[in-house]
1. When only residues in the stretch 4-31 that are out of contact with any strand residue (DSSP E or B) (no Cβ under 8 Å at 6 or more places or on another chain) and aliphatic (A, V, I, L, M) count, which is surrounded by the most Cβ atoms within 10 Å (Cβ to Cβ)?
2. Between a first residue in the stretch 1-14 that is within 14 Å of ligand 2 (Cβ to nearest atom) and a second residue that is assigned to a strand (DSSP E or B) and among the small types (G, A, S), which pairs have beta carbons less than 9 Å apart while being 6 or more apart in sequence or on different chains?
3. Taking the conditions exactly as written (farther than 24 Å from A169 by Cβ, in contact (Cβ under 8 Å) with a residue 24 or more places away in the chain and not acidic (D, E)), does A62 satisfy them or not?
4. Here are some residues: T203, T177, T157, T192. Which one is closer than 17 Å to G5 by Cα and β-branched (V, I, T)?
5. Filter the stretch 56-101 for residues that are buried (at least 16 other Cβ atoms within 10 Å of the Cβ), assigned to a helix (DSSP H, G or I) and hydroxyl-bearing (S, T, Y) and give the result.
6. Could you go through the stretch 98-117 and let me know if any residue there is of a type in the set (G, A, S), within 24 Å of G187 (Cβ to Cβ) and touching a Pro at 6+ places or on another chain (Cβ under 9 Å).
7. Identify the single condition in (1) crowded, with 17+ Cβ neighbours inside 10 Å; (2) away from ligand 1 (no atom under 12 Å from the Cβ); (3) part of a helix (DSSP H, G or I); (4) within 17 Å of the chain's Cα centre (by Cα) that L104 does not satisfy, given that it satisfies every other one.
8. Select, from V155, V95, the only residue that is touching a strand residue (DSSP E or B) at 6+ places or on another chain (Cβ under 8 Å), within 16 Å of ligand 2 (Cβ to nearest atom) and modelled with pLDDT of 95 or more.
Amino acid sequence: GPVVGIIPAAGRGVRLGESLPKAFVELDGRTMLDRAVEAMLASAVVDRVVVVVPPELVASVAATAPARVCVVAGGAERTDSVRAGLAAAEDAAYVLVHDAARALTPPRLFARIVVELRGGRSAVIPVLPVADTVKSVDRDGRVTGTPDRSVLRAVQTPQGFEAGLLRRANAGAGDATDDAGLVERLGEGVYTVPGEPLAFKITTPLDLVLARAVLAAGAP
Ligand code: CTP
Ligand code: MG
């Protein structure tokens with residue numbers, strides 16, 4: 001069955017602080033959303049793409065969408081937007097959920113995820129080692145622990161799933177900070193592959209400076 005990419009792009013970008021919703025902010029003349037869609041299609045491992053945008057932008061995005069891309073309205077939380085994308089991916093055998101905000105993700109990362117899905121893994125996510133030491137704290141800001149950094153990973157997208165598994169994971173009212181978190185709660189194994197530094201999420205104004213500098217330096 002088909003591999004369907006779902007691109008949540010319906011956030012407001014509060015932390016970035018631009019006037020436009022974040023996915024519609026331009027990097028060197030092209031929006032983050034356009035860059036994410038093009039990288040996904042360029043990977044050649046995705047059969048079609050469902051883009052999830054703020055409701056008021058559905059018509060204008062659909063009017064210029066390339067072939068194999070459909071556009072649906074997102075919701076208040078990212079999980080609502082992913083659920084809307086899943087509803088528009090009825091025929092999918094596998095789904096790749098990928099943040100528009102990871103606009104510089106290299107096409108090879110999509111391929112790396114799909115290889116593992118085709119090899120029999122049901123849930124596959126890209127990860128990188130954690131550079132900073134991470135601490136847990138209580139409500140007063142007092143440190144309660146220092147997890148061993150060698151077993152920690154920072155998580156990126158695209159996250160790949162057997163479509164039925166991600167549907168089951170999203171069937172409840174649950175919430176998680178990533179899609180794999182919901183799958184983990186079902187007790188299903190989630191496997192990791194090496195991520196890509198360029199798949200970093202553009203969240204803050206500093207991230208935008210980095211993304212534009214990367215493009216100015218002529219990165220692929
Ligand atoms: N997203 C979405 N629907 C939402 C919230 C987020 O589709 N209701 C998407 C964003 O557009 C983004 C991705 O999920 O591509 C990751 O979310 P994040 O980086 O948090 O983006 P925003 O929610 O837009 O930013 P902020 O949290 O700063 O407002
Ligand atoms: Mg957000």
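The values are calculated or read from the model by the stated rules, or taken from the named source; none is laboratory data. Quick caveat: nothing in here was measured; it's all calculated off a predicted structure. Positions of Cβ are generated from backbone atoms using ideal geometry, with glycine treated the same way; all protein chains shown enter the neighbour counts.
1. So, considering only residues that are out of contact with any strand residue (DSSP E or B) (no Cβ under 8 Å at 6 or more places or on another chain) and aliphatic (A, V, I, L, M), the one surrounded by the most Cβ atoms within 10 Å (Cβ to Cβ) is L16.
2. A10/A73
3. Numbers: farther than 24 Å from A169 by Cβ: yes; in contact (Cβ under 8 Å) with a residue 24 or more places away in the chain: no; not acidic (D, E): yes.
No: the conditions fail for A62.
4. Values: T203 fails: closer than 17 Å to G5 by Cα; T177 fails: closer than 17 Å to G5 by Cα; T192 fails: closer than 17 Å to G5 by Cα.
Testing whether each residue is closer than 17 Å to G5 by Cα and β-branched (V, I, T) leaves just T157.
5. Within the stretch 56-101, T79, S81 meet the criteria.
6. Within the stretch 98-117, the first condition is being of a type in the set (G, A, S), and the residues that meet it are 100-101, 103, 111.
Then drop every residue that is not within 24 Å of G187 (Cβ to Cβ), which leaves none.
Within the stretch 98-117 (the criterion being of a type in the set (G, A, S), within 24 Å of G187 (Cβ to Cβ) and touching a Pro at 6+ places or on another chain (Cβ under 9 Å)), the answer is no, since none of the residues qualifies.
7. Unmet condition: (3).
8. Working: V95 fails: within 16 Å of ligand 2 (Cβ to nearest atom).
Answer to the selection: V155.
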